[in-house]
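Trainee: Take a look at the following structure, please.
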Amino acid sequence: MNEPDVDDAPEPVTEPASDSAASVDAPFGFDSLNLRPELLSALVRLGYEEPTAIQRETIPLLLQGGDLVGQAATGTGKTAAFALPILNRMPPKEGKPVTYALVLVPTRELAVQVSEAMYKYGRDLGAKVLPIYGGQPIGRQLHALHDGVHVVVATPGRALDHIARGTLQLDSVEVVVLDEADEMLDMGFADEIEGILDATPTARQTVLFSATLPPRINSIAKKYLRDPQRIQVGQGGQNSLANTPRIRQSAYIVQRAHKPAALGRILDVETPTAAIVFCRTRDEVDQLTETMNGRGYRAEALHGGMSQEQRDRVMGRVRSGTAELLMATDVAARGLDIDTLTHVVNYDVPSAPEAYVHRIGRVGRAGREGVAITLAEPREQRQLANIERLTKRKISIEKVPTVADLRAKQIEFTLNQVREALAAEDLEDYEVVLDTLLEDFDATEIALAAIKLVHAASGASDDEREIPDASHRLERDKPKPSRDNAQNRKGSDRGDRGERSFDRGDRPERGERSGPPAGTARLRLGVGRKDGIRPQDLVWTIANETNLVGKQIGPIWISEHFSTVGVPEHTVDEVIGALQNAKVKGKRANVRRYVDDPR
Ligand code: ADP
Ligand code: MG
């Protein structure tokens, strides 16, 4: 395929290119793509200035109606590449909408995400777009389908269900898109996809988009696409990171047992707005979420073992910024586009370089900057090297930040905060306070005390432990896995910051020195040490059942037979309501407000 050399071009979003290119009249604007004005106005509203490379290449072909196989890295705008040409076919508004396009996607989250995007693009055209996926009450879907929709975005399993029930009418379908086709095949949807395609008119336009093109895609393409055009964007082939130049990649070498602590330390220094942490298994996701919540991070889990409601709630919290860490498996997080995401963490080195590329494609999207961090064990060095070779990108090996590094970073943060305050205009408001204090103290003392408060308020951690960095072991690579594993089982993540932060002298006696902060109410739960309850278990249950996040939960105190947990006063009723039928570690929580018994 002889494509124009556009792949090197900077992402148009951040660098509105060709203004300066003298006589050239906006050669790559959306305007030149022959889209309907209602679509162009939507794009203006969304702030899309120019098409991305894959959009520029595929939209004109798709508008002509031919079949197509499109490949480009994650985050390069494949959704709009197929959505705009589909919407361009919107029939005039008259009568009941007829389904003329079907988009198949691998996961429920993507069904929602893609249909939201299509709804936004097609708003001015009055496009009705419906996501359908398993786990959602089928009644609502039936209702919407009955009323008629223009575009259905579905996971293959649920689409097939509806076809079997006769509730999804595909006779008028003109376009079928297989989005994230590689992932759908990986998830074992090949039969479903074939079944669905067989149920659509043969005269349809069939479009396949994917981040990678494994051979199995070709066999589907051969069977179901007619003479497809192939558009591949990104020079280095399927593992290239050519389209995500703004990702800083680093790796830390740590023993498994030190990973939770190392992750916390790295996050403290990196201060992500939002980060996604990839784990290998659901269990690992759950465990790490618990551990990180116990350490005071607002972490949420996302994996296929969760109910749809749980997953929706998690995504809501992540998107709204209520949660800062999303722990996820590859499948659950596939294709997710989260605006605020700044960091991707590989809790392990992914065994396939493709997985690495997919994962870190979550950041650095649409020209934003991103950071990819990998925690590797010494023996995983070879896999790191493999990834470097395949992606043609250097991954720099960093040392796990020391306590001194962390301190320096925190001081820098405090310094900036104070500087910002100094630049603000409302300082006079506080002159009264200063004047009063100056009667008894000198200005430097007062300043130091104020800075101390700022520093403490910014959540500077008091983590004093050095975390062993294992990068020196890279050369002497002969692993002694049995020892590493033994250490791991013991879980050395106990006893450092996590446990201590729950142990802030939270005795339930009256007149305690460090009682719960103002505005915090205490709940009593009828589960205690005899039930094997740990602070994390309580945080986990409450965070899962309510809208509270880790940081709002505590102090926690666990006695033999019961526990007390602090929650914000104004949430008490809501929390008690939500925990009515909840269980902690399989035991009924029996929650009520805790009243200090006068002894
Ligand atoms: P992909 O499917 O290739 O992984 P998406 O379609 O999810 O990528 O797009 C990634 C992000 O880029 C989305 O937030 C989308 O809104 C944004 N985007 C897509 N096209 C453009 C464009 N032309 N200009 C600006 N942002 C865009
Ligand atoms: Mg996509």
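The values are calculated or read from the model by the stated rules, or taken from the named source; none is laboratory data. Worth saying up front: this structure is predicted, and the values here are computed from it rather than measured. Glycine also receives a Cβ, built like all others from the backbone with ideal geometry; neighbour counts cover every protein chain displayed. Keep in mind that these areas ignore ligands, DNA and RNA; they rest on the heavy atoms of the full protein, side chains included. Shrake-Rupley method; radii C 1.70, N 1.55, O 1.52, S 1.80 Å.
Trainee: Which ranges mark the helices (runs of 4 or more DSSP H) fully within the stretch 383-473 that have 2 or more residues being under 32 Å from the mean Cα position of the chain (by Cα)?
Mentor: Answer list for the stretch 383-473: 403-423, 443-457.
Trainee: In the stretch 397-411, what residues are in contact with a strand residue (DSSP E or B) (Cβ under 6 Å, 6 or more places away or on another chain) and open to solvent by 60 Å² or more (accessible area, probe 1.4 Å)?
Mentor: Matches in the stretch 397-411: 397, 398.
Trainee: Tell me, which residue of the stretch 551-576 that is out of contact with any strand residue (DSSP E or B) (no Cβ under 7 Å at 6 or more places or on another chain) and within 23 Å of residue 301 (Cα to Cα) is modelled with the highest pLDDT?
Mentor: Among those residues, the one meeting the criterion is 571.
Trainee: Could you check the stretch 77-123 and list, in sequence order, the residues that are of a type in the set (S, T, N, Q), away from ligand 1 (no atom under 14 Å from the Cβ) and either within 23 Å of the chain's Cα centre (by Cα) or over 11 Å from residue 151 (Cα atoms) (or both)?
Mentor: Matches in the stretch 77-123: 88 only.
Trainee: Scan the stretch 588-599 residue by residue and report those that are open to solvent by 40 Å² or more (accessible area, probe 1.4 Å) and assigned to a loop (DSSP other than H, G, I, E, B).
Mentor: 590, 595, 596, 597, 598, 599
Trainee: Further question on the same structure: Of the conditions (1) β-branched (Val, Ile, Thr); (2) within 16 Å of ligand 2 (Cβ to nearest atom); (3) touching a Leu at 6+ places or on another chain (Cβ under 8 Å), residue 374 satisfies every one except a single condition; which number is it?
Mentor: (2)
Trainee: Let me ask something else about it. Would you pick out the residues in the stretch 443-459 that are free of Cβ contacts under 8 Å to residues at least 40 places away in the same chain and of a type in the set (Val, Ile, Thr)?
Mentor: 444, 446, 451
Trainee: Also, I was wondering about something else. Could you list, in sequence order, all residues of the stretch 252-306 that are within 10 Å of residue 325 (Cα to Cα) and open to solvent by 30 Å² or more (accessible area, probe 1.4 Å)?
Mentor: 273, 298
Trainee: Okay, next question. Can you name every residue in the stretch 324-350 that is of a type in the set (D, E, K, R) and either away from ligand 1 (no atom under 16 Å from the Cβ) or surrounded by fewer than 23 Cβ atoms within 10 Å (Cβ to Cβ) (or both)?
Mentor: 324, 330, 337, 339, 348
Trainee: Return the residue satisfying two criteria in turn: it lies in the stretch 91-127 and is within 17 Å of residue 173 (Cβ to Cβ) and touching a Gly at 6+ places or on another chain (Cβ under 7 Å), and of such residues it is farthest from ligand 2 (Cβ to nearest atom).
Mentor: For the stretch 91-127, the residue satisfying everything is 96.
Trainee: What are the residue pairs meeting all of these: first residue in the stretch 328-346, first residue outside the structural domain of residue 384 (by TED's automatic domain parsing), second residue within 12 Å of ligand 1 (Cβ to nearest atom), Cβ atoms under 8 Å, and 6 or more apart or on different chains?
Mentor: Qualifying pairs under 8 Å: none.
Trainee: What is the residue count in the stretch 169-185 for residues that are outside any helix (DSSP H, G or I) and among the aliphatic types (A, V, I, L, M)?
Mentor: The number of residues fulfilling the criteria is 6.
Trainee: List, please: which pairs have Cβ atoms under 6 Å, are six or more places apart or on different chains, and start with a residue in the stretch 174-191 that is over 17 Å from residue 133 (Cβ atoms) and away from ligand 2 (no atom under 11 Å from the Cβ) and end with one that is modelled with pLDDT of 95 or more and part of a helix (DSSP H, G or I)?
Mentor: Every condition considered, the pairs that remain are 175/86.
Trainee: So, one more: Do we have residue 96 as open to solvent by 40 Å² or more (accessible area, probe 1.4 Å) and modelled with pLDDT of 90 or more here?
Mentor: yes
Trainee: Here's a follow-up. What about residue 57, is it open to solvent by less than 40 Å² (accessible area, probe 1.4 Å), more than 11 Å from ligand 1 (Cβ to nearest atom) and out of contact with any Leu (no Cβ under 9 Å at 6 or more places or on another chain)?
Mentor: Against the criterion (open to solvent by less than 40 Å² (accessible area, probe 1.4 Å), more than 11 Å from ligand 1 (Cβ to nearest atom) and out of contact with any Leu (no Cβ under 9 Å at 6 or more places or on another chain)), residue 57 qualifies.
Trainee: State yes or no: is residue 442 over 18 Å from residue 267 (Cα atoms) and of a type outside the set (Lys, Arg)?
Mentor: In short, yes.
Trainee: May I pose another question? Would you please name the residue that is nearest to residue 181 (Cα to Cα), looking only at residues in the stretch 312-323 that are open to solvent by 10 Å² or more (accessible area, probe 1.4 Å) and not acidic (Asp, Glu)?
Mentor: So the residue we want is 315.
Trainee: Could you tell me how many of the residues in the stretch 80-126 are farther than 25 Å from residue 315 by Cα, in contact with a strand residue (DSSP E or B) (Cβ under 6 Å, 6 or more places away or on another chain) and either assigned to a helix (DSSP H, G or I) or hydrophobic (A, V, I, L, M, F, W, C) (or both)?
Mentor: Residues that pass the stated criteria total 2.
Trainee: Please determine, by comparing only the residues of the stretch 539-587 that are in a strand (DSSP E or B) and open to solvent by 80 Å² or more (accessible area, probe 1.4 Å), which one is farthest from residue 306 (Cα to Cα).
Mentor: Only one residue tops the list, namely 587.
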